[in-house]
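**Student:** Below is the structure I would like to discuss, written out as structure tokens.
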Amino acid sequence: MYIYNRKMKSNRIIAIVNCSDKKEKAFELARSLTEKNVYVEIFDAQKKNRIKALEPSGIICVGGKCAAGDYADTNAKFFCLTDNNSDLDNFLFNELKFSKKSDFNDFVTAVVSALKNRIGDKKVLCALSGGVDSAVVAALINRVSPKGLTCVFVDHGLLRKGEREEVEQTFKCDQGINLITIDASQRFLDKLGGVGDPEQKRKIIGEEFIRVFESEAKKLGKVDFLAQGTIYPDILESIKGVKTHHNLALPDVLDFDEMIEPLQFLYKPEVRQLGLALGLTDKSVMRQPFPGPGLGVRVLNEVTKEKLDILRDADLILRQEIASAKLDTKIWQYFAVLPNIKSVGVKDEKRTYGNTIILRAVNSVDAMSATIYPIPFEVLQKISQRITAEVKDITRVVYDITDKPPGTIEWE
């Protein structure tokens, strides 16, 4: 496990100043630097005070409209990006003296140091979903500013069975993090009533998350930062228009001074590696991904409490049987979906007209592509038998065998 010493300073911190109308080039540069175990943050040209507070070793301008003199009050070296990658390497390894033999611990030191510089004694509100990404963000900030951190966990009524209790046990009881749980389930259901379009559902859920945080922040007094578990695939899919991610669907006016998104240039395996380095348990770090909008994007079409209850029961059976078959550590993500499809069935020798459950299981490295996992037929059969026997109003269970692409991992 990585141990952070508060006296340690990392020189592997870069601020990218984006002077271009397009963000893609800055994001690509940030990702390439992250692969070299450099911690990166992107700023608009006018954010000079934020750049200075970060205390970066280097400042890289993308777009050519900023000059070294603009940042003369920092101790950072300045570089204007061209298409010549060898110039960038010269800047990193000769001018900044970054080591080419770095490892992931160098990145951990850099991100902890950068967050310490930026946060200081200010207050941070962390959007905690219970998933891996937000858990790692909470652990990071708790490492550098435990007294300034408040985590808010929103029970939006779209969680899996037992999820709320597990989150409270892990973060409040086991880690001693200041955790506030808000039951906003009825508020979200009211907003989602009558909405069937998946993108609209994602945007509603995302905006309600932010509104709930704003409301909670007012109760807490002055809150300087909102922290989120945005990761690189979230950014890529949003830029490409594949889907809107709840943690990127922010309103134009946000009642916090700044955002903290320390994972935004990491892929999921790197997030897990960072979590382990910070001392999180294997169970917390290796759990399967769960979308921010929760079951809201696994209940297709309109979301209702009745549909959510049906899906929770089916999903629990799937998870129980996958674990019983010792497949839970072999499958990257597995879940149940409730489509808006009914079919004729027979129960107790009577004709029924009930819902369908879709099972999905995939393996992936970075969530940008995925392949189906071949769950053994006897396991599928047992899952199907249990779901149709134990879950209300289910007459049919089917298995999705679509890779990504062409399909996405989630159905919505």
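**Student:** Just want the ordering: Tyr39, Tyr267, from fewest to most Cβ atoms lying within 10 Å of their own Cβ.
**Tutor:** On the way: Tyr39 26, Tyr267 21.
With the sparsest Cβ surroundings first, the list reads Tyr267, Tyr39.
**Student:** Can you list the trypsin sites (Lys or Arg not before Pro) in region 298-393 that are in a DSSP coil and have 11 or fewer other beta carbons within 10 angstrom?
**Tutor:** Those that pass, being in a loop and sparsely packed, are Lys326, Lys392.
**Student:** Using the Cα gyration tensor of region 287-366, with a ≥ b ≥ c the square roots of its eigenvalues, what is the shape: rounded (a/c below 1.5), prolate (a/b larger than b/c) or oblate (neither)?
**Tutor:** Oblate.
**Student:** Counting only residues 5 or more places away or on other chains, whose amide H sits under 5 Å from the amide H of Ile16 once H atoms are built in the peptide plane?
**Tutor:** It is Glu41, Ile42, Phe43, Ile60, by chain and number.
**Student:** While we're on this one: Ranking request for peptides 361-372, 130-141: highest mean number of other beta-carbon atoms within 10 Å first, then the rest in descending order.
**Tutor:** Taking the mean over residues of other Cβ atoms within 10 Å, the ranking is 130-141, 361-372.
**Student:** Now for a different question. What length, rounded to one decimal in nm, is gained on full extension from Asp282 through to Lys77, with 0.36 nm per residue of separation minus their alpha-carbon distance? Display every interim value, and only then the final one.
**Tutor:** Numbers: separation 205, 0.36 × 205 = 73.80 nm, distance 3.94 nm.
That pair, Asp282 and Lys77, stretches by 69.9 nm at full extension.
**Student:** Find how many whole Å separate the alpha carbon centroid of region 15-83 from the alpha carbon centroid of region 339-402.
**Tutor:** Comparing the Cα centres of region 339-402 and region 15-83, I get a distance of 49 Å.
**Student:** Which of Asp348, Asp328 has the fewest other C-beta atoms within 10 Å, and how do the rest follow up to the most?
**Tutor:** Asp348, Asp328
**Student:** Once each part is reduced to its C-alpha centroid, what is the distance from region 273-328 to region 84-119 in angstrom?
**Tutor:** Value for the Cα centre distance between the two parts: 36 Å.
**Student:** Check every DSSP H run in the chain and write down those whose alpha carbon atoms cover 18 angstrom or more along the long axis and whose mean Kyte-Doolittle hydropathy is 1.0 or greater.
**Tutor:** Span-like helices, by this rule, are 132-144.
**Student:** Which ordering of Leu33, Leu380, Leu266 is given by a fewest-first count of other beta-carbon atoms within 10 Å?
**Tutor:** Ascending Cβ contact count within 10 Å gives the list Leu380, Leu33, Leu266.
**Student:** Can you flag which of Lys22/Lys122; Lys36/Lys122; Lys147/Lys222; Lys100/Lys122 are past 26 Å Cα-Cα?
**Tutor:** Numbers: Lys22/Lys122 32 Å; Lys36/Lys122 30 Å; Lys147/Lys222 14 Å; Lys100/Lys122 34 Å.
Long pairs (Cα-Cα over 26 Å): Lys22/Lys122; Lys36/Lys122; Lys100/Lys122.
**Student:** Once you keep just the Cα pairs under 8 angstrom separated by 6 or more residues, what percentage relative contact order results for the chain?
**Tutor:** Over the chain, the number comes to 13 percent.
**Student:** For region 120-285, what relative contact order do you get, as a whole percent, if you take Cα pairs closer than 8 Å and at least 6 residues apart?
**Tutor:** 29
**Student:** Follow-up. What pairs from Lys23/Lys305; Lys47/Lys201; Lys23/Lys404; Lys116/Lys172; Lys172/Lys218 go past 28 Å between their alpha carbons?
**Tutor:** Lys23/Lys305; Lys47/Lys201
**Student:** Now a separate question. Only one of the values (1) 54; (2) 60; (3) 64 was calculated from this structure for percent of Cα pairs over 27 Å apart; name its label.
**Tutor:** (1)
**Student:** Return the long-range amide H neighbours of Gly345 (sequence gap of 5 or more, or a different chain), with a cut-off of under 5 Å between placed amide H atoms.
**Tutor:** Result for Gly345 returns Thr352, Tyr353, Gly354.
**Student:** Another question, if that's okay. Can you bin region 3-146 into rounded, prolate or oblate? Criterion: square roots of the alpha carbon gyration tensor eigenvalues sorted a ≥ b ≥ c, rounded for a/c under 1.5, prolate for a/b above b/c, oblate for the rest.
**Tutor:** Verdict is prolate for region 3-146.
Rule-based calculations on the coordinates, nothing more; no lab input. None of the values given here were measured: they were computed from a predicted structure. FYI the Cβ positions are ideal-geometry reconstructions off the backbone, even for glycines, and counts take in every protein chain you see.
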